[in-house]
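One structure is given here, and the rest of the page talks about it.
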Amino acid sequence: MSKPPRSAGRIAVQATLKPRELMTDTPDIAGTWTAKVITLFPTAFPGVLGESLTGKALKDGLWQLKTYDLRSYGIGRHRNVDDTPAGGGAGMVLRADVLENAISDAHLGARGAAPLVYLSPRGRRFDQQMARNWARADGVTMLCGRFEGVDERVLQHYNIQEVSLGDFVMTGGEIAAQAMIDATVRLLPGVLGNAESAIEESFSAGLLEHPQYTKPAEWNGHPIPAVLLSGNHAKITEWRKQMSLQITKERRPDLWAALKGKSD
């Protein structure tokens, strides 16, 4: 006897002043971790998030994605979303009133805790611990900047957390948003096929991951380390730990210093 199909959850209904389609391919699933993205390029999503494990989890209702087209909140006939910076200077800045309407729609009917973040090179650098914190929340709302950034008053008014993918500048926040969502979604229950994968990988214990090998046993004159073929699990565990320590010390002195500080 075949099992009945698993329910994806309860469909949530919420009121809005903005007209919506009567039918949609991505209905609200109440109680599901949700990534909301405010962007000028909604068609960039889900992008790579629709592939592999994250894509399967999205299809299975383990998480959901909502995009808010910033252009639709624009001012006037041309839907302007930006203007020249006060005080002069190059580039354009996203308007506060436009962002306010988009953020209000994203927050409409929101329940639980979901951080509101702005993808910015001047923000705190995204890391594994931040991904864990977001995964424990009910979702995350992301504002993808463009041009010279957003009106500072919006960041202050909504107490928006600025988060950076790294010490470099990109043309917009969409790629960074996808990277951060990917890192977070894979930590949600049921997304990874083997839950131990999230425990053993890089940064899970403040260390970089040990090297990995597979068949063939020898390739182009490079054999797999003998200890990994020994069948001695205690020795394998110790070898992997020592390799993680060595690689972390050589490649990430900042992580090594933090690790040594904890042990002192």
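Can you tell me which residue within region 45-68, out of those that are among the aromatic types (Phe, Trp, Tyr) and in contact with an Asp or Glu (Cβ under 9 Å, 6 or more places away or on another chain), is farthest from Ala183 (Cα to Cα)?
Tyr68
Residue under question is Thr54, and the condition is that it be more than 24 Å from Gly149 (Cβ to Cβ) and either hydrophobic (A, V, I, L, M, F, W, C) or at pLDDT below 95 (or both); does it hold?
Considered against the rule, which asks whether it is more than 24 Å from Gly149 (Cβ to Cβ) and either hydrophobic (A, V, I, L, M, F, W, C) or at pLDDT below 95 (or both), Thr54 comes out as no.
Could you grab me the full set of residues in region 72-91 that are of a type outside the set (A, V, I, L, M) and either in contact with a Gly (Cβ under 9 Å, 6 or more places away or on another chain) or open to solvent by less than 80 Å² (accessible area, probe 1.4 Å) (or both)? Give the steps one after another, and end with the answer.
Pass one, region 72-91, residues of a type outside the set (A, V, I, L, M): 72-74, 76-80, 82-85, 87-89, 91.
Correct list: Ser72, Tyr73, Gly74, Gly76, Asn80, Asp82, Asp83, Thr84, Pro85, Gly88, Gly89, Gly91.
Would you point out the residue of region 28-51, among those that are open to solvent by 40 Å² or more (accessible area, probe 1.4 Å) and among the β-branched types (Val, Ile, Thr), that is farthest from Asp105 (Cα to Cα)?
Among those that are open to solvent by 40 Å² or more (accessible area, probe 1.4 Å) and among the β-branched types (Val, Ile, Thr), it is Val48.
Looking only at residues in region 66-110 that are in a loop (DSSP other than H, G, I, E, B) and in contact (Cβ under 8 Å) with a residue 60 or more places away in the chain, which one is farthest from Phe45 (Cα to Cα)?
Taking the candidates together, the pick is Pro85.
How many of the residues making up region 158-173 are touching a residue at least 60 places away in the same chain (Cβ under 8 Å) and surrounded by fewer than 22 Cβ atoms within 10 Å (Cβ to Cβ)?
Residues of region 158-173 touching a residue at least 60 places away in the same chain (Cβ under 8 Å): 172-173.
Cutting the leftovers down to surrounded by fewer than 22 Cβ atoms within 10 Å (Cβ to Cβ) gives us 172.
Final tally of qualifying residues: 1.
Return yes when Ile247 is out of contact with any Phe, Trp or Tyr (no Cβ under 9 Å at 6 or more places or on another chain) and under 18 Å from Gln128 (Cβ atoms) and no when it is not.
When the stated conditions are applied, Ile247 passes them.
Inspect region 58-66 for any residue being open to solvent by 60 Å² or more (accessible area, probe 1.4 Å), under 24 Å from Val185 (Cα atoms) and modelled with pLDDT of 95 or more and give the result as yes or no.
Going through region 58-66, the residues open to solvent by 60 Å² or more (accessible area, probe 1.4 Å) turn out to be 59.
Now drop any that are not under 24 Å from Val185 (Cα atoms), which leaves 59.
Keeping just the survivors that are modelled with pLDDT of 95 or more gives 59.
The answer is yes; a qualifying residue exists.
Can you name every residue in region 218-264 that is surrounded by 11 or more Cβ atoms within 10 Å (Cβ to Cβ) and of a type in the set (Asp, Glu)?
If the condition is that a residue be surrounded by 11 or more Cβ atoms within 10 Å (Cβ to Cβ) and of a type in the set (Asp, Glu), then Glu238 is the only one that fits.
The values are calculated or read from the model by the stated rules, or taken from the named source; none is laboratory data. Small disclaimer: the values here were computed from a predicted structure and weren't measured. Cβ sites come from the backbone with ideal geometry, for glycine too, and all protein chains shown count toward neighbours. The area values use the complete protein model at the heavy-atom level, side chains included, leaving out ligands, DNA and RNA. Shrake-Rupley method; radii C 1.70, N 1.55, O 1.52, S 1.80 Å.
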